[in-house]
1. Tally the residues that are more than 12 Å from residue 97 (Cβ to Cβ) and touching a residue at least 40 places away in the same chain (Cβ under 8 Å), restricting the search to the stretch 181-201.
2. Are there any pairs, at least 6 apart or on different chains, whose C-beta atoms fall under 6 Å, with the first in the stretch 101-129 and farther than 25 Å from residue 152 by Cβ and the second in a strand (DSSP E or B), and if so, which?
3. Quick check on my filter: what residues within the stretch 132-149 are assigned to a loop (DSSP other than H, G, I, E, B), touching a strand residue (DSSP E or B) at 6+ places or on another chain (Cβ under 9 Å) and surrounded by fewer than 22 Cβ atoms within 10 Å (Cβ to Cβ)?
4. Can you confirm whether the stretch 52-71 contains a residue that is exposed (fewer than 14 other Cβ atoms within 10 Å of the Cβ) and not in a helix (DSSP H, G or I)?
5. Exactly one of (1) on the phi < 0 side of the Ramachandran plot; (2) surrounded by fewer than 13 Cβ atoms within 10 Å (Cβ to Cβ); (3) modelled with pLDDT of 95 or more; (4) not in a strand (DSSP E or B) is unmet by residue 127. Its number?
6. Tell me the residue from 196, 181, 164 that is under 20 Å from residue 130 (Cβ atoms) and modelled with pLDDT under 90, please.
7. Might you check whether a residue that is within 20 Å of the chain's Cα centre (by Cα) and either in a helix (DSSP H, G or I) or touching a residue at least 24 places away in the same chain (Cβ under 8 Å) (or both) occurs anywhere in the stretch 166-173?
8. Do we find a residue being touching a helix residue (DSSP H, G or I) at 6+ places or on another chain (Cβ under 6 Å), at pLDDT 85 or above, in the same structural domain as residue 114 (by TED's automatic domain parsing) and in a strand (DSSP E or B) anywhere in the stretch 239-254?
């Protein structure tokens, strides 16, 4: 009996699952490899033929899996060359107050953090005003480098009232979202935040951490988060490379 190429491909599949579940499983396997750093930034993925052999799947199934990764921005294609890992970019919906992990995990990205420093210091006027304190009041400063899919995404400089900061310091600040921790440490929950988004220069500590050219301006988000009671509890500067962040918001006419 003559066997068609499609039939041959189907016979290679372990347990012969259908295309729907199969392409989703392959997409998830590739997504994990990208977000965990098996395939690094700008690295070329194996060819479609190699992936067909690796997963025992048809070309149509592999293309469905790759299409899903294209849609969420994990990879991009170059005509005649193949598929490559993209520099990750995160879209944040400003209609909702979310931590980085909450925003990223919704679309299949992986977030991790490195604590650069954590210390107590005297609040300057900007920090004091944001947290409704007197200038010179002792506050807790936290600097973190945030990674999206193992690639530096943002450099965050956060300030908290001292008592709250001392409690945060006891937590796993490398893997947990601060917003989630605040909800656990305080009797009140987060209610809203004020944002200011601008383009600015940054010092060498930040540009080096983000692997950004010194001459390249950075996006800076200044954010103050408030509890439901209206009390400010988190003031931060978030620095990111252009292209790393995109923001969307619905603006009513009236």
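1. Count: 4.
2. Qualifying pairs under 6 Å: 120/138; 120/140; 123/139.
3. Hits for the stretch 132-149 are 132, 133, 135, 136, 137.
4. No, there is no match, as no residue in the stretch 52-71 is exposed (fewer than 14 other Cβ atoms within 10 Å of the Cβ) and not in a helix (DSSP H, G or I).
5. (2)
6. The unique qualifying residue is 181.
7. Within the stretch 166-173, one or more residues are within 20 Å of the chain's Cα centre (by Cα) and either in a helix (DSSP H, G or I) or touching a residue at least 24 places away in the same chain (Cβ under 8 Å) (or both).
8. Checked against the condition, which is being touching a helix residue (DSSP H, G or I) at 6+ places or on another chain (Cβ under 6 Å), at pLDDT 85 or above, in the same structural domain as residue 114 (by TED's automatic domain parsing) and in a strand (DSSP E or B), the stretch 239-254 yields at least one hit.
The values are calculated or read from the model by the stated rules, or taken from the named source; none is laboratory data. Since the structure is predicted, the reported quantities are computational estimates derived from the model, not experimental observations. Ideal geometry is used to build each Cβ from the backbone, glycine not excepted, and the neighbour counts take in all protein chains shown.
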